[in-house]
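Worksheet for the structure shown next.
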Amino acid sequence: MEPSQSKILIIDDEPANLLLLSRILTKAGYRAVETINDSREALPAFACNQPDLVIVDLHMPHRDGFEIIAGLRQHTPAGVFLPIIMLTADTNPEVELKALKLGANDFLNKPFQPVQIALRVRNLLHTRQLHRSLQEHNQQLERRVRERTIELDTARLDILERLARAAEYRDFSTGRHAQRVGEISALLARKLGLPEPQVELVQRAAPLHDVGKIGIPDEILLKPGSLTPEEFEVMKTHIAIGVKLLAHGHSQLIQVAELIALTHHERWDGSGYPRGLSGDAIPIFGQIVAVADVFDTLIHERPYKRAWPVEKAVAEINLMSGRWFNPKVVVAFLQVLAEQSQLLKLEASV
């Protein structure tokens with residue numbers, strides 16, 4: 001920072017000292033020098049002008065230099081380096097020690113030498129500039145890290161979305177099933193009172209619930225009729241395949257996706273698979289996606305069935321409350337359906 005750009009505030013009750021200090025600093029090239037001889041005006045002037053350096057006398061009426069230094073430090077934002085020089089004719093070492101403890105950066109005894117004042121002011125302002133440069137550099141690094149993190153998060157979500165789509169491309173009839181299950185699951189999670197971060201998690205993770213179908217043979221996955229018991233056992237392996245694809249993920253999103261892939265075919269009464277879990281032994285994300293998955297499957301055409309009317313699908317969900325599904329999740333589903341009926345009916349036509 002050039003001397004002409006640096007703002008300096010001098011606080012001293014002696015007009016002669018103010019004039020002398022002002023002349024010394026002006027001669028050294030400093031143009032923005034403000035002087036105050038009433039210590040009560042020091043903090044308002046500081047707040048108004050935000051100087052780069054403060055020179056304060058110790059012994060003054062109304063408020064002494066100790067009080068002013070303490071006040072300045074309270075009004076200095078965290079992380080900002082504000083240099084403060086204390087001036088005094090008091091040679092007691094305890095005075096200097098107290099001033100430094102309160103936050104003074106330098107201590108000058110009267111009478112002072114003009115060269116000494118100019119050099120110390122220059123050095124402290126140089127330190128302030130270095131501190132500012134370091135802060136700006138750190139802010140740039142933090143901004144780049146944030147930008148890079150956003151890029152990585154976006155790339156990760158893109159990859160997961162494409163992985164979900166890859167599973168759907170094996171079965172052209174499912175359309176946007178994975179995305180719709182994510183959207184409905186988010187609505188259910190919010191209605192159930194889950195925190196917003198968990199709502200976002202289930203919306204992002206739910207589309208991967210059937211990713212394991214990538215590994216199911218076409219003759220079973222695309223079979224136009226009902227599956228034989230043997231074929232159904234093969235179809236059920238999509239759970240294990242999906243869990244294997246998602247296993248050992250480090251991010252919470254992948255971990256939730258793995259949990260959903262593992263548990264969305266479990267049933268409230270214990271009749272589901274692969275573990276036969278029942279009740280609240282089934283993770284809430286699995287309970288939510290189970291309802292969303294079945295509902296969206298019912299209202300859309302599949303190789304083995306025609307699309308059901310929304311009303312019939314809702315009746316089936318209601319019938320399975322307490323059997324396949326957690327009754328509380330079904331209640332939330334009915335509430336969401338009432339609020340989002342036009343949206344869901346539109347989705348049924350997609």
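The values are calculated or read from the model by the stated rules, or taken from the named source; none is laboratory data. Predicted, not measured: the structure shown is a model, and the values here were computed from it. As a convention, Cβ positions derive from the backbone with ideal geometry for all residues, glycine included, and neighbour counts pool all protein chains shown.
Taking helices (runs of 4 or more DSSP H) that fall entirely within the stretch 168-262, which contain at least 1 residues that are more than 22 Å from residue 300 (Cβ to Cβ)?
Those helices (runs of 4 or more DSSP H) span 177-191, 196-205, 229-246.
Of the residues examined, residue 25 is not one that is more than 13 Å from residue 114 (Cα to Cα), among the aliphatic types (A, V, I, L, M) and at pLDDT 90 or above. Report yes if residue 251 is loosely packed, with under 15 Cβ neighbours inside 10 Å, of a type outside the set (Asp, Glu), more than 17 Å from residue 329 (Cα to Cα) and within 35 Å of the chain's Cα centre (by Cα), otherwise no. Yes, satisfied. Taking the conditions (1) free of Cβ contacts under 8 Å to residues at least 60 places away in the same chain; (2) closer than 19 Å to residue 177 by Cα; (3) under 30 Å from the mean Cα position of the chain (by Cα) in turn, residue 298 satisfies each one other than (3). Among the conditions (1) surrounded by 13 or more Cβ atoms within 10 Å (Cβ to Cβ); (2) in a loop (DSSP other than H, G, I, E, B), the only one that residue 276 does not satisfy is (1). Entry remark, the stretch 71-115: residues being closer than 18 Å to residue 12 by Cβ, under 49 Å from the mean Cα position of the chain (by Cα) and of a type outside the set (A, V, I, L, M, F, W, C) number 5 in total.
Just checking, how many residues over the stretch 185-229 are among the hydroxyl-bearing types (Ser, Thr, Tyr) and surrounded by fewer than 17 Cβ atoms within 10 Å (Cβ to Cβ)?
Result for the stretch 185-229: 2.
Of all residues in the stretch 66-79, exactly one satisfies the criterion of being part of a helix (DSSP H, G or I) and touching a residue at least 40 places away in the same chain (Cβ under 8 Å), namely 68. Residues being closer than 25 Å to residue 319 by Cα, in the same structural domain as residue 317 (by TED's automatic domain parsing) and of a type in the set (S, T, N, Q) are represented in the stretch 180-190 by at least one member. Do we have any residue at all in the stretch 69-86 that's crowded, with 16+ Cβ neighbours inside 10 Å and more than 30 Å from residue 138 (Cβ to Cβ)? Scanning the stretch 69-86, I find no residue that is crowded, with 16+ Cβ neighbours inside 10 Å and more than 30 Å from residue 138 (Cβ to Cβ), so the answer is no. Of 226, 173, all but one fail to be modelled with pLDDT of 75 or more and either hydroxyl-bearing (Ser, Thr, Tyr) or outside the structural domain of residue 254 (by TED's automatic domain parsing) (or both); the exception is 226. Given 279, 322, 286, 249, which one is over 24 Å from residue 191 (Cα atoms) and either among the small types (Gly, Ala, Ser) or in contact with an Asp or Glu (Cβ under 6 Å, 6 or more places away or on another chain) (or both)? Testing whether each residue is over 24 Å from residue 191 (Cα atoms) and either among the small types (Gly, Ala, Ser) or in contact with an Asp or Glu (Cβ under 6 Å, 6 or more places away or on another chain) (or both) leaves just 249. Across the stretch 300-323, a minimum of one residue is classified as crowded, with 22+ Cβ neighbours inside 10 Å and in a loop (DSSP other than H, G, I, E, B).
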